[in-house]
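Novice: To start, I am sharing the structure in question, which I have written as structure tokens.
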Amino acid sequence: MAFECARILVVEHGVQPARLLVSGHRAPHLPLLEEAIHHLPDTEFLAKLGERSRTLRALTDPEFRKLLLPMLRADFTASETYAFAEGPLLTCPITALGGERDEDAPLGEVAAWQRHTTGRFEVTAFPGDHFFIDDAWEAVVTTIGERLRSRAETTPC
């Protein structure tokens, strides 16, 4: 979604983002490899989600599950129904974050984001799988802060 928002800002409003940060997702031009699950009934959706990755602890609590399920389903619907269309390249830097052992978005597929900018590009890998943010949250926060700060220090007010 952030990628498409950045493209809309450029094409429709002439605004170039300062930086695009993407995390734990293969580049948008790459095809979806997993079976679509967004349309499944809740019980099947949760079972398939549990097969793909470690289950979120919050989903074991009925009240949290009730709150999180619509957000998870919306996230999967957006991802699984997305259709990439070629368009102008971004010129802003892209920072792609990924987990070293992420089977859902291997680092090679995360690195493919480079195709979408003429600006600087970097992949930053963290220990962990698809939920590397849980495993390495301090390093992730530090990295994001450094990337945002580096832009703020070079941009005049």
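The values are calculated or read from the model by the stated rules, or taken from the named source; none is laboratory data. What you see is a predicted model, and the numbers here were worked out from it, not measured in a lab. Here Cβ is always computed from backbone atoms with ideal geometry, including for glycine, and neighbour counts include all displayed protein chains. Side chains included, ligands, DNA and RNA excluded: accessible areas come from the protein's heavy atoms. Shrake-Rupley method; radii C 1.70, N 1.55, O 1.52, S 1.80 Å.
Novice: Residue check, Leu59 against (1) free of Cβ contacts under 8 Å to residues at least 24 places away in the same chain; (2) of a type outside the set (Asp, Glu); (3) on the phi > 0 side of the Ramachandran plot; (4) surrounded by 15 or more Cβ atoms within 10 Å (Cβ to Cβ), all met but one. Which one?
Specialist: All conditions pass for Leu59, except number (3).
Novice: Which ones in the stretch 115-140 are of a type in the set (A, V, I, L, M), under 15 Å from the mean Cα position of the chain (by Cα), modelled with pLDDT of 95 or more and in a helix (DSSP H, G or I)?
Specialist: Matches in the stretch 115-140: Val140 only.
Novice: Pairs, please: C-beta under 9 Å, at least 6 apart or cross-chain, first residue without any contact (Cβ under 8 Å) to a residue 60 or more places away in the chain and open to solvent by less than 40 Å² (accessible area, probe 1.4 Å) and in the stretch 5-26, second of a type in the set (S, T, N, Q) and assigned to a loop (DSSP other than H, G, I, E, B)?
Specialist: none
Novice: Given the criteria open to solvent by less than 40 Å² (accessible area, probe 1.4 Å) and either out of contact with any His (no Cβ under 7 Å at 6 or more places or on another chain) or within 18 Å of Glu34 (Cα to Cα) (or both), does Gly128 qualify? Reasoning before the result, please.
Specialist: On the way: open to solvent by less than 40 Å² (accessible area, probe 1.4 Å): yes; either out of contact with any His (no Cβ under 7 Å at 6 or more places or on another chain) or within 18 Å of Glu34 (Cα to Cα) (or both): yes.
Judged against the criteria, Gly128 is a match.
Novice: Now a separate question. If Glu44 meets every condition in (1) open to solvent by 60 Å² or more (accessible area, probe 1.4 Å); (2) within 22 Å of Arg101 (Cβ to Cβ); (3) of a type in the set (D, E, K, R) apart from one, which number is that one?
Specialist: Here Glu44 meets the rest and fails (2).
Novice: Right, something else. Yes or no: Pro70 of a type outside the set (A, V, I, L, M) and either loosely packed, with under 12 Cβ neighbours inside 10 Å or in contact with a Lys or Arg (Cβ under 6 Å, 6 or more places away or on another chain) (or both)?
Specialist: Numbers: of a type outside the set (A, V, I, L, M): yes; either loosely packed, with under 12 Cβ neighbours inside 10 Å or in contact with a Lys or Arg (Cβ under 6 Å, 6 or more places away or on another chain) (or both): yes.
When the stated conditions are applied, Pro70 passes them.
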